[in-house]
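Below is one structure; the comments refer to it alone.
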């Protein structure tokens with residue numbers, strides 16, 4: 001009984017922490033919604049549906065939708081550079097699979113041709129007999145161009161890395177959720193079988209309680225995995241720039 005009482009105390013502490021977290025999240029949500037009074041309408045956790053059949057691979061060009069990429073592309077255009085050339089050289093079309101170990105360093109080797117763009121897209125002209133004023137201005141524009149190009153390149157690397165990480169997290173969360181669903185189904189069947197055995201006097205009520213406890217613990221894991229799955233889906237949605245996750249590769 002001491003073990004059960006200790007477990008009950010632990011679960012009550014966890015329940016209290018969850019109640020506190022719920023209140024904090026509700027108050028935070030009210031701030032975001034500019035709603036100081038009244039209750040926020042909520043639905044049961046079981047009624048929350050999860051996305052199904054999302055792509056397991058994504059074309060790299062989907063980062064065109066990201067706000068940070070759009071800003072850097074605009075900054076590059078302001079320098080007078082031909083953005084089509086930059087995109088062709090620095091953002092090749094390839095498939096992102098959400099693989100482990102892919103980072104910005106590897107990506108920079110995958111498409112690191114910024115040095116080849118030194119004279120591409122910009123055709124400056126100046127009078128050789130106009131003194132150093134225009135030459136100084138040209139150097140200043142060159143610095144602006146280099147900064148814009150480097151920022152553009154850096155943004156592409158970071159965006160692809162975030163896209164890969166988002167897809168990896170989504171696939172991992174989905175796999176964990178499916179595993180917990182299978183474990184819960186198995187334990188539920190075992191619990192039902194134990195209740196039948198209890199009805200005919202083969203097992204005791206204590207055995208029933210132990211099996212019910214095991215079922216509840218697995219159900220708790222399922223809930224946590226479902227939450228992680230929903231969060232990872234939201235993160236993936238952010239990584240692709242808010243594009244419809246069901247049609248990511250349709251127009252690419």
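Among the candidates 58, 63, the residue that is farther than 25 Å from residue 177 by Cα, surrounded by 10 or more Cβ atoms within 10 Å (Cβ to Cβ) and in the same structural domain as residue 248 (by TED's automatic domain parsing) is uniquely 63.
Across the stretch 116-168, the qualifying residues are those that are in a loop (DSSP other than H, G, I, E, B) and in contact with a helix residue (DSSP H, G or I) (Cβ under 8 Å, 6 or more places away or on another chain), and the one among them that is modelled with the highest pLDDT is 127.
Here residue 202 passes the criteria (1) free of Cβ contacts under 8 Å to residues at least 24 places away in the same chain; (2) assigned to a helix (DSSP H, G or I); (3) over 16 Å from the mean Cα position of the chain (by Cα) except the one numbered (2). Exactly one residue among 168, 149 is outside the structural domain of residue 18 (by TED's automatic domain parsing), surrounded by 14 or more Cβ atoms within 10 Å (Cβ to Cβ), closer than 30 Å to residue 77 by Cα and touching a residue at least 60 places away in the same chain (Cβ under 8 Å), and that residue is 149. A single entry from 163, 206 fulfils the requirement of being closer than 30 Å to residue 10 by Cα and in the same structural domain as residue 80 (by TED's automatic domain parsing): 206. Put simply, of 175, 235 the only residue that is in contact (Cβ under 8 Å) with a residue 60 or more places away in the chain, assigned by TED's automatic domain parsing to the domain that holds residue 82 and part of a helix (DSSP H, G or I) is 235.
The values are calculated or read from the model by the stated rules, or taken from the named source; none is laboratory data. Note that the structure is predicted; figures quoted are calculated from it, not measured. Note: ideal-geometry Cβ built from the backbone for every residue, glycine included; neighbour counts use all protein chains shown.
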